[in-house]
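The values are calculated or read from the model by the stated rules, or taken from the named source; none is laboratory data. Predicted model, so just to flag it, every value in this text is computed and none were measured. Using ideal geometry, Cβ is built from the backbone for each residue, glycine included, and neighbour counts are taken over all protein chains shown.
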Amino acid sequence: MHERVLLIEDEPHIVEALSFLLTREGISVSTHSDGIDAAQTVARLAPDLVILDVMLPGKSGFDILAEIRQAEAVANTPVLMLTAKGQLRDRAAAQAAGASLFMTKPFSNKEIIANVKSLLK
Amino acid sequence: MGSFNLLVSICLIYVLALFLIAYVAERAADRGRFNFLRSPLVYTLSISVYCTAWTYYGAVGSAARNGLEFITIYLGPTLVFIGWWWVLRKLVRIGREQRITSIADLLSSRYGKSGPLAVLVTLLAVIGTTPYIALQLQSLALSFEVFTTSGGEEAPSPTSTAFYVAVGLAVFTIVFGTRNLDANERHHGVVTAIAVEAIVKLAALLSVGIFVVWGVANGPTDIFTRMDPELLNAGEIFNKRWLTLTLLSATAILCLPRMFQVIVVENDNERNLATASWAFPLYLFLMSLFVLPIAIAGLSTLPSNANPDLFVLTVPLAQGQSTLATFAFLGGFSSATSMVIVASIALSTMMSNHIVLPLWLRVNASRNPASDDVRLLLLRSRRVSIAVVLALGFLYFQFTGGTGALASIGLIAFLGVAQVLPAMIGGLFWSSATRSAAITGICVGFAFWAYTLFLPSFGGSFILTSSTLANGPFGISGLTPHNLLNVQINDPLVHAVFWSLGMNTFVFVLVSVMTTPSAIERLQSVQFINVFGQISARRGITRSTPIEDLLVLAQRILGREEAMALFKTQAVAQDTDTPLPDPTSEFITTLEREIAGNVGAAAAHAMMGQVTGGAEISFEDMIAVADETAQIMEYSARLETQSTELAQTAEQLRTANDKLTELSKQKDTFLSQVSHELRTPMTSIRTFAEILRDSDPLEPEQLNNFASIIHDESIRLTRLLDDILDLSFMENGRVQLHMETVPLSKIIDRALTTTQAQVNDQGAKILRDADAEKMMLYTDPDRLSQVLINLVSNALKHCGADQPEIAVLSGIYGDQLIIDVADNGSGISKDDIEIIFEKFAKLSSKVTAGSAGLGLPISREIVKNLGGTLSYEGTQNGAIFRVALPIANEHQQAAQ
C-alpha cells in the first residue's frame, strides 16, 4: 500500500518538482493549489501526510493547519510546512499551530525526502 | 667780590631764608597753629605758581615781539577764576570728598578707579611737564649768564648752572615735599615758601616797572610815546591765535599738574576760592601791568640784538641799577623755583601712587599690604620720583640746548597736558562719559599733539626728519605735520590745537556714546557730577571684617599716631565700648578715602579689598551684583526661549523618528516580501538542478522540460531584481525622463510588439482606435510604453476569458489624455482592488491567484513621474486600467 501525500502549493514548478521526487520514491501524490478550500480537501482525501505552503492565495497556511487540527477525522495527520519567508517568527507560529515539521524554501531534495519518510513511519 | 660769587651768595641766602620760612610754617602746622597758614591770601599767592619764569621773563619778550599777544596768557586764567569759579569749586569739593591726590587720580577715580587711565595721565603729565621744567632751568641759566657777563666776568657754562640748580631744587623739594606721606595733607612749608616767592616776584617786577616808567622815562605818557606804534599792530588782536592762546592758558590753569596741586590738593578751605576768584586775577593784572613799558624801554634803550626775553634783567643792568637788577633776578629765580618745586611734588605723587605702588601691589599680590611697610616704600618712591623728574628736565634742557624761544616751549607743554581737558570736563558734567572714551580720547589727542607740535619742535633732529617736516612722510603732503590734510591753518600752534583737542573731543564723545559705563564707573560719575547734591551714596551691608587688620593697614599707610587718632574718633562717633570702632561700611568707606589720600583711589580700593577679603559688600559691589543678576535673568529668559525651541525640535525629531520607524517597518515588510518572491523561483531552480544532478536515468523529454523550467525561473529572478531596482529609483524620485514629442500610435505599437508572443499564446484579440492614436504626445516614450506593456501583460495573464480580448483605447477628455487598457475577463474582486497597486500583492481570486509582483506599483510610479495618474476603472464586464496624462502643455499644444 502506497503512502499518500497531499501537496498544497500554488507554485506550479514546485508542485511539479515535488511530485516527481515523491513519486519516484513510491509515494502517491495528490495536489491542491488554492488556500480557500484546502482544509476540506484534506478532510476528503485523508492523506497520510500533508505538505503545506504558508503563502497561499486566499488563505494563509497557518489558518489551514488550524482547520486541519480542528477537524476530528484528520486532526492527527502529520503536516510538513514550507515557507519562503524563512523568518523565526514563522517557525514559532508553525509550531504553535501544530506543524509536525517546518522547512524553508529553497530546500535540499534529500532533506525533504528524508523528512517526508520519517513523518510517514 | 665778583658779581657771580655775589649772585650765588645772594641765591644761597635767599634759599636758606625759604628753608627757614618753610620750616617755621611746618612747625606751626605741627602745633596746630594754622591761622596764617590757612588764610585765603596764602592760598591765592600759592596759585601764582602759574606765573613761572616763562611769564616773568617771557611775557616781556612776547610783548617786544608780538605786541599785546602776551595778554592772552593772563586772560585765560582770569576768565576761569572770574567766570568759571564754579568749575573750580566743583573740582575742590570733589578733591576733598574723594581725597584726590592728583589730576591723574581725579580721572582714575572718576572713571571707575581705573589703574590704566591713571598711568596714562601720569605719563602724559611727565611728558608735558618735562619741557616746562627744562624751560625753568634754561631761564635760570640764561639769567645767571647775563648777570655775570654784564659784570665783565666769564660766566660758568649754562649746563653746569642748570645742573646745580636742579640738584638744589631736588634737595629742597625732597626735604619739604615728602615730610608727610599724605599727599592730601597740605604741604604747609612748601606752600608758605611759594607764597613768599610769589610776593618776591611780584614786588621785583613792579619795582622794575616803576623804575622804567619813572626812572628811565618821565611817567606813563612819556614811556608810551617812545613806543613804536607798529608794536601794537604786530599781531592782529582777537584773531585765531589769540583765541587759541586764551583757550590754552585757561586750560592750563585747570589741567597742569602743579595748578591742580595748589588749587585742589593744597586747598584747606573751599571758601578760599571766593577770595582767590578776585585776588588771583588782581595778582595777574599787577604782574602784567608793566610788561609793555619794560618791553618798550628795552626796545628803545638797548641794542637791537639784545634778547627781549631778558629785558627784565638787562634794562636795570644797562641803567647801572645793580641792586634793582639783583632783585629782578631774585624775582625770576623765585618764579622758576616755585614752579619746579610744585610740579615735581605733583609728578612724584602721581608716579609713586599710580606707577610704583600698583607695580608693587602686583608683584606682592599674595601679601597683605598691611604686613609690609608701604609707608616707607611710598616715601622712597616719592623721593626717587622727584629726583627723576628733575633729572628728566635737566636732560631735556641739555638735549634741546636752547631751541626756540622760551614762550614756544611753554606753549608746547601746555597743549600736551591740555589733552586731559575733554575727559576732565566730561567727567565732571556728563554722566555718559566712559573710561574707554577717556583713554582713547587722551591717546588720540596725545598722538596728534606729538605729531603736529611736539616732535616738530626738535626741528628735524628727533624722530621726524626735516624733509618729513617740510613735505610730509614719504612725500605725502596731506600728512605734513604742520599742515594735516591741507587744512590751511598757517600757525602751527593753532593747527596743533585744532587737530589734537578736536580729535580728542570727537573721539571722547564718540566712544562715550558707543560704550556703556561699568557699575563702578556709574557710581563714581554720580559722586562726581552730583558732588553738591548727595549726602552719602555709599551704603552697604557689612559682615565681620577684622578691625585689627584694618588698624595695621591704616598705621602702615597713615602713620601710627594718625591712624590711632582716626580710629578713636570713629569709635567715639560710633559710641562703641571698645577703643576700636566697628567695621561698618561707613567706617570702611571713610578709611578707604583716608588711604586714598595717600596712595590714590585705585590703589586704596585694591588694598582695602585685599584686607577685607571681600567681607565688605559695598554699594558698588551691590550694583555690580545687580548688574550680574540682570544679566543672569536675561540669560535665563534666553534659556527659556531656547528650551521652548528645544522642545519644538524634540517634537519634530519625534515625528521624524516615527516616520523613520514607519519607513523602517515598511522596508522590513518589503524585504520580507522580496525575500519570498526571490526564494520561490530559487526553490524551483535548486530542486530541478538537484534532480538533474542526482537522477541518472531521465527521459530526454523530462530533461528538456526541467532545464526549461530552470531557465524560465532564472529569467523570472532577473526580471524581479530589475523591477525592484527600477521601483526603488522611481520612489526616490531619481528617475530620469527623456521627454520627446512622438505620435501616440508609436508608443502603443511598441507595447504590443513586446507582448506579441503572449498575445499569440493566448490567442487574444487586440482592439485599437487608429484615428485617436494619431495625436502627438510630449512624453518619455520608453517609460510610457513600459506602463502599457505591464497593463497589457497583466490583462492577458489575469483575463481568464475563453476568447480574450484586449482593448487599447485613447481619447482627449478636457485637458487630459486618457489611455484605457480593458479586457473582457471577470474583472478584479472588490478585496483585490484595494491591494493591486501594492508591491507583491497576493490576489485572492482563483483565476488571478499568485503574486501581482511589482508591475502595477512600477507603472503607477512612472505615470506619477509623467504628471498623471494610473487607476483601476473596473466594470463587471472586465478590468479597465486607465492612464490619465495632462495635455495642458505647450509642446503638446504645438504638436496638435
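Against the definition (part of a helix (DSSP H, G or I), within 29 Å of B:Ser46 (Cβ to Cβ) and of a type in the set (S, T, N, Q)), how does B:Ser300 come out, yes or no? Spelling it out, it is not the case that B:Ser300 is part of a helix (DSSP H, G or I), within 29 Å of B:Ser46 (Cβ to Cβ) and of a type in the set (S, T, N, Q).
Cβ-Cβ contacts under 7 Å between residues 6 or more apart (or on different chains), taken from a first residue in region B:749-763 that is β-branched (Val, Ile, Thr) to a second residue that is surrounded by 11 or more Cβ atoms within 10 Å (Cβ to Cβ), are listed as B:Thr754/B:Ile789; B:Thr755/B:Ile789; B:Thr755/B:Val792; B:Thr755/B:Ser793; B:Thr755/B:Leu796; B:Val759/B:Ile766; B:Val759/B:Leu796. Considering only residues in region A:58-81 that are within 20 Å of A:Ser19 (Cα to Cα) and of a type outside the set (S, T, N, Q), the one that is surrounded by the fewest Cβ atoms within 10 Å (Cβ to Cβ) turns out to be A:Pro78. Restricting region A:32-44 to residues that are buried (at least 20 other Cβ atoms within 10 Å of the Cβ) and within 14 Å of chain B (Cβ to nearest Cβ), the residue that is nearest to B:Asp712 (Cα to Cα) is A:His32. Only residues that are within 9 Å of chain A (Cβ to nearest Cβ) and aliphatic (A, V, I, L, M) were counted in region B:665-677, giving 0.
When the test is whether a residue is surrounded by 12 or more Cβ atoms within 10 Å (Cβ to Cβ) and in contact with a Pro (Cβ under 8 Å, 6 or more places away or on another chain), B:Glu713 passes it.
Is it the case that region B:47-64 has a residue that's within 25 Å of B:Trp449 (Cβ to Cβ), hydroxyl-bearing (Ser, Thr, Tyr), in contact with a Lys or Arg (Cβ under 6 Å, 6 or more places away or on another chain) and in contact (Cβ under 8 Å) with a residue 40 or more places away in the chain? Within region B:47-64, not a single residue is within 25 Å of B:Trp449 (Cβ to Cβ), hydroxyl-bearing (Ser, Thr, Tyr), in contact with a Lys or Arg (Cβ under 6 Å, 6 or more places away or on another chain) and in contact (Cβ under 8 Å) with a residue 40 or more places away in the chain. The residues on offer are B:Leu231, B:Leu202, B:Leu243, and the sole one that is at pLDDT 90 or above and surrounded by fewer than 24 Cβ atoms within 10 Å (Cβ to Cβ) is B:Leu202. Which ones in region A:1-31 are within 8 Å of chain B (Cβ to nearest Cβ), over 12 Å from the mean Cα position of the chain (by Cα) and outside any helix (DSSP H, G or I)? Across region A:1-31, the qualifying residue is only A:Glu11. Determine whether A:Ser60 is within 13 Å of chain B (Cβ to nearest Cβ) and among the hydroxyl-bearing types (Ser, Thr, Tyr). When the stated conditions are applied, A:Ser60 passes them.
For region B:678-711, a tally of residues being of a type in the set (Asp, Glu) and at the interface with another protein chain (Cβ under 8 Å from one of its Cβ atoms) returns 2. Highlighted here are the helices (runs of 4 or more DSSP H) found entirely within region A:32-121 that include at least 3 residues which are farther than 26 Å from B:Ile685 by Cα: A:38-45, A:61-70, A:88-97. Residues in region B:652-664 include none that are in contact (Cβ under 8 Å) with a residue 60 or more places away in the chain, more than 8 Å from chain A (Cβ to nearest Cβ), of a type in the set (A, V, I, L, M, F, W, C) and assigned to a helix (DSSP H, G or I). Among all positions in region B:426-445, there is at least one residue which is buried (at least 19 other Cβ atoms within 10 Å of the Cβ), among the aliphatic types (A, V, I, L, M) and not in a helix (DSSP H, G or I).
Hey, could you check region B:567-580 for residues that are farther than 17 Å from B:Ile595 by Cα and of a type outside the set (S, T, N, Q) and say which is farthest from the chain's Cα centre (by Cα)? Residue satisfying both the conditions and the ranking: B:Asp577. I'm checking my understanding of the structure. Among residues of region A:19-41 that are at pLDDT 90 or above and β-branched (Val, Ile, Thr), which one is farthest from A:Leu119 (Cα to Cα)? So the residue we want is A:Thr41.
Would you confirm, using the coordinates I've provided, whether A:Met103 is within 12 Å of another protein chain (Cβ to nearest Cβ) and in contact with a strand residue (DSSP E or B) (Cβ under 8 Å, 6 or more places away or on another chain)? Against the criterion (within 12 Å of another protein chain (Cβ to nearest Cβ) and in contact with a strand residue (DSSP E or B) (Cβ under 8 Å, 6 or more places away or on another chain)), A:Met103 qualifies.
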